[in-house]
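Engineer: Sharing a structure with you now.
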Amino acid sequence: QVQLVESGGGLVQPGGSLRLSCAASGTGSIFSFMAWYRQAPEKQRELVAFIGRDGSTVYADHVKGRSTISRDNAKNTVYLQMNSLKPEDTGVYYCNGLLFQIPYWGKGTLVTVSS
């Protein structure tokens with residue numbers, strides 16, 4: 001059974017940094033792409049960043065310049081380094097990946113940016 005498991009969330013002060021990780025299990029195949037989404041309270045889930053199998057990346061405007069997505073194909077893991085965090089970055093961060101045309105989602109990790 002293919003699973004995506006996020007980790008690294010927590011409480012951080014404004015201006016701080018966090019590194020989220022998402023590890024895939026149950027498969028030795030490489031995901032076509034992997035992405036991070038976030039869902040703020042009472043808002044729809046939105047894309048944060050995307051990384052292709054070749055390492056190409058796309059960032060949402062609200063994190064551009066403050067976040068870096070990367071992946072380690074050998075570990076089937078994707079990372080999201082977030083810097084200069086703002087209170088509006090608060091939300092549940094979900095990992096998403098496409099494997100053999102099937103989308104998979106993790107259960108999410110909570111990021112709270114507050115003083």
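The values are calculated or read from the model by the stated rules, or taken from the named source; none is laboratory data. All figures in this text were calculated on a predicted structure; none of them were measured in a lab. Because the Cβ atoms are built from the backbone with ideal geometry, glycine has one as well, and the counts that use them run over all protein chains shown. The accessibility values were calculated without ligands, DNA or RNA, using every heavy atom of the protein model including side chains. Shrake-Rupley method; radii C 1.70, N 1.55, O 1.52, S 1.80 Å.
Engineer: Do you know which of the residues in region 2-12 that are on the phi < 0 side of the Ramachandran plot and in a loop (DSSP other than H, G, I, E, B) is modelled with the lowest pLDDT?
Structural biologist: Checking each candidate, the answer is VAL2.
Engineer: List the pairs whose first member sits in region 79-96 and is among the aliphatic types (A, V, I, L, M), whose second member is in a loop (DSSP other than H, G, I, E, B) and open to solvent by 30 Å² or more (accessible area, probe 1.4 Å), and whose Cβ atoms are under 7 Å apart, counting only residues at least 6 apart or on separate chains?
Structural biologist: Cβ pairs passing all conditions: MET82/SER17; MET82/ARG66; LEU85/PRO14; LEU85/GLY15; LEU85/SER17.
Engineer: Follow-up. In region 64-76, which residues are open to solvent by less than 30 Å² (accessible area, probe 1.4 Å) and modelled with pLDDT of 95 or more?
Structural biologist: SER67, ILE69
Engineer: Can you name the residue in region 95-104 that is touching a Gly at 6+ places or on another chain (Cβ under 9 Å) and over 24 Å from ASN83 (Cα atoms) and is also surrounded by the fewest Cβ atoms within 10 Å (Cβ to Cβ) among such residues?
Structural biologist: Selected residue: PRO103.
Engineer: Of all residues in region 11-43, how many are closer than 13 Å to MET82 by Cβ, of a type in the set (A, V, I, L, M) and open to solvent by 40 Å² or more (accessible area, probe 1.4 Å)?
Structural biologist: Summing the residues that are closer than 13 Å to MET82 by Cβ, of a type in the set (A, V, I, L, M) and open to solvent by 40 Å² or more (accessible area, probe 1.4 Å) in region 11-43 gives 0.
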